[in-house]
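Single-structure report; data block below.
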Amino acid sequence: MGTERRPIGIILNGVTGRMGYRQHLVRSILAIRDDGGLPLDDGTVLWPEPILLGRNEVKLRTLADKHGLTEWSTDLTEALARPGVEIYFDTQITGARMPAITQAIAAGKHVYTEKPLASDLTGALELARLADEAGIKHGVVQDKLFLPGLRKLKRLVDGGFFGRILSVRGEFGYWVFEGDWQEAQRPSWNYRVEDGGGIIADMFCHWRYVLDEIVAPVRSVQALGAIHIPERVDEDGKPYAATADDAAYGIFELDGGIVAQINSSWATRVFRDELVEFQVDGTEGSAVAGLRRCRVQHRSMTPKPVWNPDLPATHDFRAQWQEIPDNADFGNGFRAQWEAFLLHVVADAPFRWDFHSGARGVQLAELGLRAWKEGRRIDVPELGLAT
């Protein structure tokens, strides 16, 4: 006799997009099904039943057929009314998110969403208020916290490896093709501010929870944005004006006087081991963490280089660092957070990455844009609805 399944209907809105399809449908929801479901403490397994939602009927039908799925819709109201639906997930463009989530909350569904939670802080706080008042479970994707490299970095911070942390330096980005002689690997709306695009709106939400949860709370922000590539070519081969920032250079002051500098760019070529790397320096040691790897140099093992530009370098600086072992089986970060949210919904397991956490990310992005516009340092106040 097989293990009893406990089905749970999940609307996936925006699943025809790059992230919605690859990370959320294939590598999370379908991966859970491929592995036999998510085991529960009572001996049953939670079995996700995805309902694909989007605007393009042909794309939805093609995706459903490809993966042996039967449930899809182009009508949110109709999908929310289907029996068995318990969770609404949103990975649309940012501007379309608030009305859809509001409708899902009104329908009594639990809500999980990609970030940014909303286009502005006012909207994000309103969604948090509505969700709390409705008594539903709510969450925002904060996938970087589940990456192997950053989980190792957090272990080091929690274990006191660094002594007093002094600074953080982050480098993120890669070259996004303009779309003329090679197809762009990001959708064109990312480069139109009128559609909610911009790297500050996108990445500062990430940097908020990474800094807050792994290093220390963010207390101020300075930022300089740039539109390095002013014209790009869209998915239909038509040129368009890029009105949103494609690079941002931020300085964040954290609790304890820690200074974090993070460069984010879609107009840089990678000369790093990974697409994102953070170096944390402390009085007792330093670490460099990426998506998967994390290397350290302790105070006792720190060499004593001497600056002499007249002689070739004799130190192999990279070889002087030690690799942190995995010591665990790190799975896909998106799937790990999906599993945590599903257990939060059906078993009331802890889940702290809620709409209030998402609102803090929107707050930092909004303040970063303002700091760029006004050319000054801006304090990051506590949010009235924050948990």
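The values are calculated or read from the model by the stated rules, or taken from the named source; none is laboratory data. Remember, it's a predicted structure, so these values are computed and weren't measured experimentally. Don't worry about glycine lacking a Cβ; one is built from the backbone with ideal geometry, like all the others, and counts go over all protein chains shown.
For the range 236-253, which positions are surrounded by fewer than 14 Cβ atoms within 10 Å (Cβ to Cβ) and either aliphatic (A, V, I, L, M) or not assigned by TED's automatic domain parsing to the domain that holds P217 (or both)? Outline the logic, then answer.
Filtering the range 236-253 for residues surrounded by fewer than 14 Cβ atoms within 10 Å (Cβ to Cβ) gives 236-239, 241.
The answer is A241, and nothing else.
Let's see how each residue does on (1) under 20 Å from W189 (Cα atoms); (2) surrounded by fewer than 20 Cβ atoms within 10 Å (Cβ to Cβ); (3) in contact with a strand residue (DSSP E or B) (Cβ under 7 Å, 6 or more places away or on another chain):
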| position | (1), (2), (3) |
| --- | --- |
| L76 | no, yes, yes |
| A79 | no, no, yes |
| D90 | yes, no, yes |
| P99 | yes, yes, no |
| T102 | no, yes, no |
| Y112 | no, no, yes |
Output the number of the condition that M98 fails; it satisfies all remaining conditions of (1) in contact with a helix residue (DSSP H, G or I) (Cβ under 6 Å, 6 or more places away or on another chain); (2) part of a strand (DSSP E or B). (2)
Does G290 qualify as being on the phi > 0 side of the Ramachandran plot and not charged (D, E, K, R)? no
Mind checking whether some residue in the range 25-42 is in a strand (DSSP E or B), of a type outside the set (A, V, I, L, M), assigned by TED's automatic domain parsing to the domain that holds A124 and over 16 Å from R335 (Cβ atoms)? no
Could you say which residue among A201, A216 is among the aliphatic types (A, V, I, L, M) and closer than 26 Å to S286 by Cβ? A216
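Let's see how each residue does on (1) buried (at least 21 other Cβ atoms within 10 Å of the Cβ); (2) within 15 Å of R370 (Cα to Cα); (3) at pLDDT below 95:
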site	(1), (2), (3)
W181	no, no, yes
A184	no, no, no
P187	no, no, yes
D195	no, no, yes
G198	yes, yes, no
C205	yes, yes, no
E213	no, no, no
A216	no, no, no
L224	no, yes, no
Looking only at the range 1-45, and only at residues there that are of a type in the set (A, V, I, L, M, F, W, C) and at pLDDT below 95, the one that is surrounded by the most Cβ atoms within 10 Å (Cβ to Cβ): V15
Search result, residues across the range 318-367 that are part of a helix (DSSP H, G or I) and either at pLDDT below 90 or among the acidic types (D, E) (or both): E339, E366
For the range 142-168, enumerate the residues that are aromatic (F, W, Y) and under 17 Å from the mean Cα position of the chain (by Cα). F146
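For the range 1-48, how many residues are touching a strand residue (DSSP E or B) at 6+ places or on another chain (Cβ under 7 Å) and over 18 Å from P187 (Cβ atoms)?
Kept after step one, since they are touching a strand residue (DSSP E or B) at 6+ places or on another chain (Cβ under 7 Å), are these residues of the range 1-48: 3, 5-15, 20, 24-25, 29, 32-33, 36-40, 44-48.
Going one step further and asking which of them are over 18 Å from P187 (Cβ atoms), we end up with 3, 5-11, 29, 32-33, 36-40, 44-48.
The total comes to 21.
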